[in-house]
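Right, one structure below, let's go through it.
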Amino acid sequence: MSDLGLLDLEPTTISRDLKNKFILIYSLPKVGKTSFAAQFPKNLLLAFEKGYNAIAGIYAKDIPNWKEFKKVLKELRDPRVQEKFDSITFDTIGIAWDLCEKYICAQNQVTEIGEIPYGKGYKLCTEEFQNSLRELTILGYGLITVSYTHLRAHETRGNLVCRLLL
């Protein structure tokens, strides 16, 4: 019989800080998602788009491509950096995904992810993206993702109908 230490387990406790928390902020464009995310203490904003121009006093790093994000991810492993930041904001998560997809395409010398045979490109992209975000959470960072929603209006039998699209 192996000793797994189950008798030594203690119940979990929930901290009130943002470390190890996961937050999704989504709404229509230009309503203050980035401004809201920037208010969290010890937060690093990864600017996949430059939506922080009018926000003073934040820590922001422009991310023009996934290769640059991988460099940031490597630096986020440094204990000194881990002391400085409790949470990481992806602004926006959709653009981050697009840059990850371009990164996988470049690695496989294709222009479209679907050109990688047998759906392998989608799998590679999903794994790269998920593993990178998972690493942030394993390092203890809180994760804040910013995303857009869109309203689409159309007329049905004379009635105006609005649908929220994520």
- Applying the selection to region 70-85, what residues are among the aromatic types (Phe, Trp, Tyr) and exposed (fewer than 14 other Cβ atoms within 10 Å of the Cβ)? none
- Query: Got a sec? Which helices (runs of 4 or more DSSP H) wholly within region 18-92 have at least 3 residues that are in contact (Cβ under 8 Å) with a residue 40 or more places away in the chain and farther than 20 Å from Arg134 by Cα?
  - Reply: 33-38
- Message: Taking the conditions exactly as written (open to solvent by 20 Å² or more (accessible area, probe 1.4 Å), of a type outside the set (Gly, Ala, Ser), free of Cβ contacts under 8 Å to residues at least 24 places away in the same chain and within 30 Å of Asn43 (Cα to Cα)), does Glu127 satisfy them or not?
- Response: yes
- Item | Identity of the residue in region 130-150, farther than 24 Å from Ile14 by Cα, outside any helix (DSSP H, G or I) and out of contact with any helix residue (DSSP H, G or I) (no Cβ under 6 Å at 6 or more places or on another chain), that ends up most open to solvent (accessible area, probe 1.4 Å) | His150
- Query: Would you pick out the residues in region 86-98 that are surrounded by 19 or more Cβ atoms within 10 Å (Cβ to Cβ) and not polar (S, T, N, Q)?
  - Reply: Asp86, Ile88, Phe90, Asp91, Ile93, Ala96
- How many residues does region 1-43 contain that are under 30 Å from Gly57 (Cβ atoms) and not basic (Lys, Arg)? 24
- Query: Within region 100-116, is there a residue that is at pLDDT 90 or above, within 30 Å of Leu18 (Cα to Cα) and open to solvent by less than 20 Å² (accessible area, probe 1.4 Å)?
  - Reply: yes
- Of all residues in region 41-56, how many are open to solvent by 40 Å² or more (accessible area, probe 1.4 Å), out of contact with any helix residue (DSSP H, G or I) (no Cβ under 8 Å at 6 or more places or on another chain) and under 21 Å from Tyr141 (Cα atoms)? 1
- Item | Looking only at region 19-40, and only at residues there that are among the polar types (S, T, N, Q) and in contact with a helix residue (DSSP H, G or I) (Cβ under 9 Å, 6 or more places away or on another chain), the one that is surrounded by the most Cβ atoms within 10 Å (Cβ to Cβ) | Asn20
- Trp97 vs (1) touching a Phe, Trp or Tyr at 6+ places or on another chain (Cβ under 9 Å); (2) free of Cβ contacts under 8 Å to residues at least 40 places away in the same chain; (3) closer than 18 Å to Leu18 by Cβ: all pass except (3)
- Task: Quick one: Tyr118 ticks every box in (1) in a helix (DSSP H, G or I); (2) among the hydroxyl-bearing types (Ser, Thr, Tyr); (3) under 18 Å from Leu143 (Cβ atoms) except a single one, so which number is it?
- Result: (3)
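The values are calculated or read from the model by the stated rules, or taken from the named source; none is laboratory data. Since the structure is predicted, the reported quantities are computational estimates derived from the model, not experimental observations. Positions of Cβ are backbone-derived with ideal geometry, glycine not excepted, and every protein chain shown enters the neighbour counts. Just the protein is used for accessible areas: all its heavy atoms, side chains included, with ligands, DNA and RNA removed. Shrake-Rupley method; radii C 1.70, N 1.55, O 1.52, S 1.80 Å.
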